[in-house]
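Right, one structure below, let's go through it.
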Amino acid sequence: MIPDVSGARALAHVREICERFGSRPAGSEKERKAAEHIAARFREFGLSEVVIEPFPCLTWDYSRASLTVAGAEIPCLPVAHSPATPAGGIEAELVYLERASDIDLARVPLAGKIGLLSTLYGDDSERLRRLMDSGLAAVILVDDRLPFDWTVAVGVPAQWIRLLSIPMVSIPYRHAWEIVRNGAQRARLEVATRVREAESQNVVGVVPGSDPTAGDILLTCHHDTVMNAVGAEDNGSGVACVLELARAFAGSRPRRTLRFVACGCEEQLSEGSKEYVLRHRDEMPGAQFVLNTDSVGGRTLLPPQRPRYARRALAGRPRRHASLPGPIAE
């Protein structure tokens, strides 16, 4: 029997999460309160084994972000966990580095300059490492996937945070276009940031199955957000789906056990889900299927990555990151 699932109730969850807790960066007080709210809802619905599982993370915040180019103030947002500028900021020659390839970085001397990239640093830590070692005084990034007028929050995977050694900010695509088109020569940047050790958390609730040998189905989401965003789409929508499915299935007796998991610290590249797998690795062989809800409500479909990508993504990570417990189905 298909449970009664309500889109209206899911939308109400989105509104409640965004309006009550707002922006919920990993390790923040608001992320913790959102996790407590999810746990309270799980208990209210009648799920069993409801628990909040904390784990360490790095959090950050900022008190100032100012960028001036050719006398004009440019909207900017520090890259997550970026170092601060020296007191008084940095004023330097502006150099356009296109996509920061080896050729781009070798074209002109970079020492003491502010570099403008027409892209992010991609999924290769070596490009980020080259930028940090280039002699640049600071870096300005543009997310070229999103040609909008507003500033896009940019982060780095948790294992790359320690690489960050110079200030980095992101700016809107349209402003970057104007800077390059007008041939701006100099920029002044001032950011005040703080990075510190903190604690994120996963929230778990269970609907026991009638057949202990049938395995588990996991229904997952993440409850953290990027900085300066209430996260209605990313990922209040996913939290709402998990909450509504938890409510709908709570009174049922499915054959397989249903495990509902709301992860923290996803915006640092799925740290919460890695922590969950590491803590529950003995349960992983019984996992038959995972439904992860993230940015629900649009029309974009991203197919799952193939097993070789998953193994490569987890290979060589620090000890606290999870390794795969067994074969991955094609």
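Using only Cα atoms, what Kirkwood radius does region 60-196 have, in angstroms? It is 14.7 Å.
Exposed loop sites were defined as trypsin sites (Lys or Arg not before Pro) in DSSP loop states (anything but H, G, I, E or B) carrying at most 16 other C-beta atoms within 10 Å; in the chain the longest segment without such a site runs 146-254. A Cβ-based charge dipole, computed about the Cα centre of the chain with Lys and Arg at +1 and Asp and Glu at -1, lands at about 420 debye. Extension gain, residue 49 to residue 185, is 43.0 nm, computed as 0.36 nm per intervening residue step minus the present C-alpha separation.
Each residue of region 237-254 was assigned a 3J(HN,Hα) from its phi angle through the Karplus curve 6.51 cos²θ - 1.76 cosθ + 1.60 (θ = phi - 60°); the sequence is 5, x, 4, 4, 5, 5, 5, 5, 5, 4, 4, 5, 8, 4, x, 9, 10, x Hz, with glycine and proline shown as x. Sparsely packed loop sites in region 143-189 (the chymotrypsin sites (Phe, Trp or Tyr not before Pro) outside DSSP H, G, I, E and B with at most 14 other Cβ atoms within 10 Å) comprise 148, 150.
Note on the chain: dipole from Cβ charges, positive end direction compared against 208, 293, 103; the farthest Cα belongs to 208. Amide H contacts of residue 144: 120, each under 5 Å away and 5 or more positions distant or on a separate chain (H built 1.01 Å from N in the peptide plane; Pro and chain starts excluded).
About its Cα centre, how strong a charge dipole does region 49-135 have in debye, to the nearest 20, once Lys and Arg get +1 and Asp and Glu get -1 at the Cβ? With Lys and Arg at +1 and Asp and Glu at -1, about 340 debye.
Charge dipole (Cα centre; +1 on Lys/Arg Cβ, -1 on Asp/Glu Cβ; no other charges) of region 179-239 amounts to roughly 700 debye.
Where a number appears in this text, it was derived from the coordinates with a stated rule and is not lab data. Quick caveat, the model's predicted, so the values are computed rather than measured. FYI the Cβ positions are ideal-geometry reconstructions off the backbone, even for glycines, and counts take in every protein chain you see.
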